[in-house]
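Undergrad: Dropping the structure in here first, questions after.
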Amino acid sequence: MAQQRRVQLSTQRPGSTVCVLGTELALDVCGSAPHGAASFQAQATPGVKLWVLHEARSVKLPSSVCRWPLGPGPELLLAMDRPSKDVGDEKVRDGSRWVLAVPLDPGILLGVGIPVSLDADVTRSGAVSRTLLDKASWTWGPEGHGAILLVNCDRDDPGAEGLDNEDSVVRSYNDLQDMAQLVLRTRGPRATFAGHRLLLHLDFGDADKIRVFYGGNGAELEMFKPVLGGSKLAYTVRPSRHHHESVFYVEGLAFPDVAFSGLVSLHVTLLESPEKGLLEAPIFTDSVVFRVAPWIMTPNTAAPLEVFVCSVAKNEEFVAAVGALAERAQCPLTVCPVPQNQQDRWIQDEVEFGYIQAPHKTLPVVFDSPRDRGLKDFPVRSILGPDFGYVARQAPEGVSSLDSFGNLEVSPPVTVRGKEYPLGRILIGSSFPRVGGRRMAKAVRDFLVAQKVQAPVELFSDWLNVGHVDEFLSFVPAPDRKGFRLLLASPSACYQLLKEKQEEGFGEAAMFQGLDRVPKPTINEILANEELRKFNDYAQSCISWNRDILKRSLGLAEPDILDIPQLFQSNAASEAEAFFPDMVNMLVLGRHLGIPKPFGPVVGGSCCLEQRVRELLEPLGLSCTFIDDFFSYHVLLGEVHCGTNVRRKPFAFKWWHMVP
């Protein structure tokens, strides 16, 4: 139904009004009729369309009926289908020729038709166009519609401080390209706007979520000024005689979060001042709704674009091994030097790489964790830049190890009981089902949930000393089934393997050969250690609990899961630590895997743990490279994945095509 406005008629003098193209005027016939009137008739000039709604019937005028009875409450509707060339060039004549005992002079309604339209990329094509879709609503799915807005969280001017959206200045044309266009279209006689005003405005609750820039009719960068946002809730637009379109640029200031759905509205309202000294009255409003694009994580199975590793004291061989793997995967390597990392080697824990996307642009965005140790300045100083955004959340209640982003992973795309998750599901570790344990900061959890497109799943990780999900799970690509395998650390599988080797006569084969000053237990000694066995039964029960959650939450079956042999040992607080380098804590670069070297018992000239992992993964077309991280990471309670990070290719799937 077209937007309607009710207009009073007068039998005393001609009236005038503005009809915005695409809207209807409802002429108040009954309310304007003099006492005793029984019927009316109406006619209009060619640029005006008239309808009479009478007894639930719609009749376009002129018709065979010359007079219409006033009862029971007929409606007279008016619309215009073309812009006026001048004020008053269209008229509704005899708009109220009342049938009375005494004839009255006919009233005349003077009309002027003007098109007023506020447009954005509602069709999600990458360009602004006129559309019949409802611009004031936003819908998900492949048939959905609605405009999309990016948070302008990069820094296009290297000399600037902070993010681009932290000040009210347009510093470059690249900065404008990060914004969404909003086009106001107006045509019609300039004299119309002498008694009317066009007001671009936003809702009070959205004032801290978006900022709108306008440069007038010029293209000079210095002409662009903020006209909406913050304390500026409205801006008067003055239509130009020679330009019928005003182009505004909209930037996002905030990501969706616990108190922000991500939806923002912009409006243009035509105000009328009928008499000098009277307040203005709104006669037409057009609105556009934007959704702020969510931050999206990428899974291990996505193609790698850049590998990150820290250079710290005595890890040269590790950095070289990671570099060699990256070269085989044809992926660039970025080494963070000591002045930037302050001897903090855990780059996986400091940041998580993802992206934001609109139809017109995709922007990588690094998510900075609240852990804030030696690497705390690295994301802002070395990653934030032109077309590389930044977002962070703090933990005012204090941080724990579970706030590090080794405790933040995402699955590949899955379907769960008919529900599709085309961007996967985020996985975070928690104290559940333990009461009173550590849990990821509420601000981070709320942020992840508010993005909507990767519905998070909480797992039980507080049984571990460090407490990260990447200590017991990983994903690798596969050519069949769901396109991936979930890898789970498995004490049961490890004991089964060691028992097989014992029965084959290799019970005296020892762990940790070639490592100085490290005890070297044999297979027989490990199998005879009842305290170690009991603790790994406990560790296996925790992993099995998570296995069931993952199967339900990701729609997995047993053939989608591979058990990677692993043992854990207890610390003084009865928390689990890896007994030997934790092989699921691996670096995945396409089909190339960088796996912590376990230094398992050597059987037949090779490590039996490495051999079992090869038997599980190489049939999937994966190449296994075992990297020695024993002294540089393992003894410090981390592994290869903890000491590396990867920026990956965004999903081909467009997030707005899904239905959360």
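Read-outs: derived from the displayed coordinates by stated rules, not from any lab. Because the structure is a prediction, the values reported are computed rather than measured. Heads up, the Cβs are rebuilt from the backbone with ideal geometry, glycines too, and the neighbour counts pull from every protein chain shown.
Undergrad: What length, rounded to one decimal in nm, is gained on full extension from R328 through to Q340, with 0.36 nm per residue of separation minus their alpha-carbon distance?
TA: 1.6 nm
Undergrad: Under Stokes-Einstein, with the Kirkwood radius over Cα pairs standing in for Rh, what whole-number D in µm²/s applies to the chain at 37 °C and 0.692 mPa s?
TA: Answer from the Stokes-Einstein relation: 112 µm²/s.
Undergrad: Using modelled amide H (1.01 Å from N, peptide plane; none on Pro or chain starts), what sits under 5 Å from the amide H of V20, excluding residues fewer than 5 places away?
TA: I114
Undergrad: Hey, got the dipole for the chain? About the Cα centre, +1 on K and R Cβ, -1 on D and E Cβ, debye to the nearest 20?
TA: In debye, rounded to 20, the chain gives about 2660.
Undergrad: Work out the charge dipole of region 333-440 with +1 on the Cβ of Lys and Arg and -1 on the Cβ of Asp and Glu about the Cα centre, then indicate which of L333, I428, S401 is farthest towards its positive end.
TA: I428
Undergrad: Please state the shape class of region 412-491: rounded when a/c is under 1.5, otherwise prolate if a/b exceeds b/c and oblate if not, all from the C-alpha gyration tensor.
TA: Cα axes put region 412-491 in the oblate bin.
Undergrad: Between D157 and R6, how many nm apart are label points set 7 Å from Cα along the C-beta direction?
TA: Here the answer is 5.2 nm between the modelled labels.
Undergrad: How large is the Rg to Rh ratio of region 113-165 when both quantities use alpha carbon positions and Rh follows Kirkwood?
TA: My calculation puts Rg/Rh at 1.16.
Undergrad: Could you give me the percent of Cα pairs per 5 Å distance bin for region 413-552, shortest bin first, beginning at zero and ending with the bin that holds the maximum distance?
TA: Going out from 0 Å in 5 Å bins, region 413-552 shows 2, 8, 14, 16, 16, 14, 11, 8, 6, 4, 1, 0 percent.
Undergrad: Please list 3J(HN,Hα) in residue order for region 157-174, calculated via the Karplus relation 6.51 cos²θ - 1.76 cosθ + 1.60 where θ = phi - 60°; whole Hz, with x for glycine and proline.
TA: 9, x, x, 7, 9, x, 8, 4, 8, 8, 10, 10, 10, 8, 8, 7, 5, 4
Undergrad: Here is a further query. Please order Y235, Y249, Y173, Y538 by the number of other Cβ within 10 Å, starting at the fewest.
TA: Ascending number of Cβ neighbours within 10 Å: Y173, Y538, Y235, Y249.
Undergrad: For A573 and D516 in one chain, what is 0.36 nm times their gap in residues minus the Cα-Cα distance, to one decimal in nm?
TA: Gain on stretching A573 to D516: 17.8 nm.
Undergrad: Please figure out what share of the DSSP beta bridges in the chain is antiparallel and state it in percent, rounded to the nearest 5.
TA: Bridges in the chain that DSSP calls antiparallel: roughly 70 percent.
Undergrad: Let me ask something else. On a full-extension model of 0.36 nm per residue, what is the gain between E280 and S541, subtracting their alpha-carbon distance, rounded to one decimal in nm?
TA: Additional length available on full extension: 86.9 nm.
Undergrad: For region 348-487, give the share of DSSP beta bridges that are antiparallel, in percent and rounded to the nearest 5; count only bridges with both residues there.
TA: If we restrict to bridges inside region 348-487, about 70 percent are antiparallel.
Undergrad: Distance cut-off 28 Å, Cα to Cα: go down the list K49/K232; K499/K520; K225/K452; K135/K225 and report the pairs above it.
TA: K49/K232; K225/K452
Undergrad: So how do I347, I564 line up by other beta-carbon neighbours within 10 Å, fewest first?
TA: Ranked by crowding around the Cβ, least crowded first: I347, I564.
Undergrad: Continuing with this model, one more query. Rounded, prolate or oblate: pick one for region 203-259, where a ≥ b ≥ c are the square roots of the eigenvalues of its C-alpha gyration tensor, a/c under 1.5 means rounded, and failing that, prolate if a/b is larger than b/c, else oblate.
TA: prolate
Undergrad: Give the span of region 296-655's Cα atoms along each principal axis, as three whole-Å numbers ordered largest to smallest.
TA: Per principal axis, max minus min of the Cα coordinates gives 64, 48, 43 Å.
Undergrad: Bin width 5 Å, alpha-carbon pairs only: give the P(r) of region 526-655 as whole percents, running from 0 to the bin holding the largest distance.
TA: 2, 9, 15, 18, 22, 19, 9, 4, 2, 1, 0
Undergrad: What shape does region 116-292 take by its C-alpha gyration tensor, where a ≥ b ≥ c are the square roots of the eigenvalues and a/c under 1.5 counts as rounded, a/b above b/c as prolate, and the rest as oblate?
TA: Prolate is the answer for region 116-292, as a/c is 1.5 or above and a/b outweighs b/c.
Undergrad: Under 20 Å from a point 7 Å along the Cα-to-Cβ line of Q394: which residues of region 334-375 have their amide N that close?
TA: Zone members listed by number: 350-352, 366-375.
Undergrad: For K232 and E420, what does the FRET efficiency come to when R0 = 56 Å and r is the distance between their Cβ atoms, rounded to the nearest 0.05?
TA: Step by step, r from the Cβ atoms, then E = 0.85.
Undergrad: Oh, and also: If each DSSP helix of 4+ residues adds -39,500 (n - 2.57) and the sum is divided by the residues in the chain, what number results at 222 nm, nearest 500 deg cm²/dmol?
TA: Mean residue ellipticity at 222 nm (helix-derived): -4000 deg cm²/dmol.
Undergrad: Tell me the GluC sites (Glu not before Pro) within region 361-470 that lie in a loop according to DSSP and have at most 16 other beta-carbon atoms within 10 Å.
TA: Hits after loop and neighbour filter: E397.
Undergrad: Further question: Taking neighbour counts of Cβ atoms within 10 Å as a proxy for exposure, in what order, fewest first, do D203, D563 appear?
TA: If I rank by nearby Cβ atoms, fewest first, I get D203, D563.
Undergrad: Going by amide H atoms built from the backbone, whose H comes under 5 Å of the H on L473, apart from near neighbours?
TA: It is A489, by chain and number.
Undergrad: Now for a separate question. Over all directions, the average projected area of the alpha-carbon convex hull for region 253-387 comes to how many nm²?
TA: Computed as one quarter of the Cα hull surface, the answer is 13.4 nm².
Undergrad: Considering only DSSP beta bridges whose two residues both sit in region 291-369, what percent are antiparallel, to the nearest 5?
TA: Within region 291-369, antiparallel bridges account for around 70 percent of the total.
Undergrad: Right, something else. If amide H atoms are built 1.01 Å from N in the plane of the peptide, which residues on other chains or at least 5 residues away come under 5 Å of the amide H of Q4?
TA: E24
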